[in-house]
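Okay, so here's the structure we're looking at.
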Amino acid sequence: MKANGKSGSDVVSTEGPIEDIGAQKSARVVNSSPEDKPNLSVQLFWSTEQKITNHRSMHKLFPSRTIAAGGQPYPLPRDENITFNYRVGGVSYTADDFFLRAKISGLLVIKNGHIVFERYGNGYSDRDVGDSRSMAKSMTSVMLGLALNDGYIRTLDDIVETYVPEFKDTRWGKVSLRHLAQGLSGVPFWEVYDDKSELSQMLECVCEDRPGALLPFLVHVGSRPGEELQPGSHFKYSSADSTVMAIVVERASGKQFTSYLSERVWKPFGMESDGYWIVENAGGFTYGESGFGATLRDYGRMGLYLLRNGVLLNGSKTLPDGYLREATTPSQPSIESKAPYGYYWWLDSWWQKDPMWQAEPTSERMLGADSTFYALGNSGQLMMMNPTENLVIVKWAAEYAYVDTVAAIMSIVKQLH
């Protein structure tokens, strides 16, 4: 399988059509007309077909702001598309099988700065902007690093109420930004895909018809009675933590996430296309838990930006010295919970600690596993940075497909070693 018909020794442009596998273009599930303003909680209950349709239109369906691109795009030279096979349950599968079994909308592999695999499915193309779901939490970690580097936030030992006084006298108020970033806030939050859960209620705040609802809701969450947990003592994955962090960073910097990211990274690093980030309403806070979107290649460029530790091509540093190393070091409570987690980054072969992976047990470690960090979305979105192998892998999908994804990634990494 070749890219644009060139030999592996040739480098060709990233422009032009890319092969599409398994197109499902007929699904139609959400009306984006002005008369229909659904809140973001509907995404919790979408079918696979609905996700396929809507994940490339989230910025049209919900309130959002644009991350403006500009200038010269960061170059992504292309080599011949690699081929790969992987095994599950003693059966060998191809890349074609992977796309169909995992409901993949896009897969991009960048090795040593060169695209070595790029392919689209489910009717997507290189011009679509794909939604990140919870990969956005990791982007919120980047925003925190920018604010630290630029002096808007003094230290991660500062507490939340320093920057958002509305959280004073709530459980959030005395939580350090470090513990907030590590999922160690200790603030109880019902992270369940249920129409009566607190996650659903928080997502309902993301709607044009509910201006200013998000902050009062989070104040309520931090004020209600419940079990007292010492911040820093217990790991619990929480969408509320990252949403509070987005409010902290926007308040501290006085900048919206989208304009700040555009100014410090998107334009100067050379993203090719505009991105977006969902917000609670036209004038509201950015939803730091979810709702970031970009083209597949710009996700890949973001991965390269991270491999460069936030250093731009002109040598300018956008992240503090050592920040990314710190952000991708798991906290002890997350290790004890068998869910190694940094500042909104998953770490250390996460799949080998997930019970779903145990259906396909293996003792094999991925090459470069100890240096690798991941942004993950609950519908199969993945961005993997493997510094040891100088490798970025980005996947859009509509299903998690743990076992196939892990086996395919390990095969790709081994092949490219």
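For residue 401, state whether it is of a type outside the set (Lys, Arg), open to solvent by 10 Å² or more (accessible area, probe 1.4 Å) and touching a residue at least 60 places away in the same chain (Cβ under 8 Å). Before the answer, list the steps.
On the way: of a type outside the set (Lys, Arg): yes; open to solvent by 10 Å² or more (accessible area, probe 1.4 Å): yes; touching a residue at least 60 places away in the same chain (Cβ under 8 Å): yes.
It is true that residue 401 is of a type outside the set (Lys, Arg), open to solvent by 10 Å² or more (accessible area, probe 1.4 Å) and touching a residue at least 60 places away in the same chain (Cβ under 8 Å).
Return yes when residue 276 is surrounded by fewer than 23 Cβ atoms within 10 Å (Cβ to Cβ), aromatic (Phe, Trp, Tyr) and either modelled with pLDDT of 95 or more or over 29 Å from residue 123 (Cα atoms) (or both) and no when it is not.
Yes; evaluated as a whole, the condition is true for this residue.
Just checking, which of 282, 240 is within 22 Å of residue 62 (Cα to Cα) and either at pLDDT 95 or above or among the polar types (S, T, N, Q) (or both)? Give the steps one after another, and end with the answer.
Working: 282 fails: either at pLDDT 95 or above or among the polar types (S, T, N, Q) (or both).
Being within 22 Å of residue 62 (Cα to Cα) and either at pLDDT 95 or above or among the polar types (S, T, N, Q) (or both) holds for just one of 282, 240, which is 240.
Hey, residue 282 hits all of (1) touching an Asp or Glu at 6+ places or on another chain (Cβ under 7 Å); (2) in a helix (DSSP H, G or I); (3) not β-branched (Val, Ile, Thr) but one; which does it fall short on?
Single failed check for residue 282: (2).
Residue under question is residue 380, and the condition is that it be touching an Asp or Glu at 6+ places or on another chain (Cβ under 6 Å) and over 27 Å from residue 238 (Cα atoms); does it hold?
Taking the combined requirement at face value, the residue does not satisfy it.
Name the strands (runs of 3 or more DSSP E) wholly inside the stretch 45-107 in which the number of residues that are crowded, with 22+ Cβ neighbours inside 10 Å is 1 or more.
Once the strands (runs of 3 or more DSSP E) in the stretch 45-107 are filtered for at least 1 residues that are crowded, with 22+ Cβ neighbours inside 10 Å, what remains is 64-67, 85-88.
Table: residues versus (1) among the polar types (S, T, N, Q); (2) open to solvent by 20 Å² or more (accessible area, probe 1.4 Å); (3) at pLDDT below 95; (4) in a helix (DSSP H, G or I).
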{"residue": "109", "(1), (2), (3), (4)": "no, no, no, no"}
{"residue": "115", "(1), (2), (3), (4)": "no, no, no, no"}
{"residue": "124", "(1), (2), (3), (4)": "no, no, no, no"}
{"residue": "136", "(1), (2), (3), (4)": "no, no, no, yes"}
{"residue": "141", "(1), (2), (3), (4)": "yes, no, no, yes"}
{"residue": "145", "(1), (2), (3), (4)": "no, no, no, yes"}
{"residue": "154", "(1), (2), (3), (4)": "no, yes, no, no"}
{"residue": "161", "(1), (2), (3), (4)": "no, yes, no, yes"}
{"residue": "166", "(1), (2), (3), (4)": "no, yes, no, yes"}
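Among the residues of the stretch 170-203, how many are open to solvent by 50 Å² or more (accessible area, probe 1.4 Å), more than 22 Å from residue 139 (Cβ to Cβ) and touching a Ser or Thr at 6+ places or on another chain (Cβ under 9 Å)?
Of the residues in that region, 5 qualify.
Among helices (runs of 4 or more DSSP H) lying entirely in the stretch 290-346, which contain 3 or more residues that are closer than 29 Å to residue 125 by Cα, of a type outside the set (A, V, I, L, M) and out of contact with any strand residue (DSSP E or B) (no Cβ under 9 Å at 6 or more places or on another chain)? Before you say what the answer is, go through the steps one by one.
On the way: elements: 296-307, 323-327, 332-336.
In the stretch 290-346, no matching helices (runs of 4 or more DSSP H) lie anywhere.
Can you tell me which residue within the stretch 383-398, out of those that are within 17 Å of residue 305 (Cβ to Cβ) and open to solvent by less than 10 Å² (accessible area, probe 1.4 Å), is nearest to the chain's Cα centre (by Cα)?
Residue satisfying both the conditions and the ranking: 383.
Is it the case that some residue within the stretch 32-44 is open to solvent by 70 Å² or more (accessible area, probe 1.4 Å), at pLDDT below 95 and over 25 Å from the mean Cα position of the chain (by Cα)?
Checking the stretch 32-44: at least one residue is open to solvent by 70 Å² or more (accessible area, probe 1.4 Å), at pLDDT below 95 and over 25 Å from the mean Cα position of the chain (by Cα).
Go through the stretch 225-270 and count every residue that is within 21 Å of residue 167 (Cα to Cα) and in a helix (DSSP H, G or I).
The qualifying residues number 16.
The values are calculated or read from the model by the stated rules, or taken from the named source; none is laboratory data. Keep in mind that what you see is a predicted model, and the values were worked out from it rather than measured. All Cβ positions, even for glycine, are placed from backbone atoms using ideal geometry, and neighbour counts span all protein chains on display. What goes into the accessible areas is simple: the full protein's heavy atoms, side chains included, and nothing from ligands, DNA or RNA. Shrake-Rupley method; radii C 1.70, N 1.55, O 1.52, S 1.80 Å.
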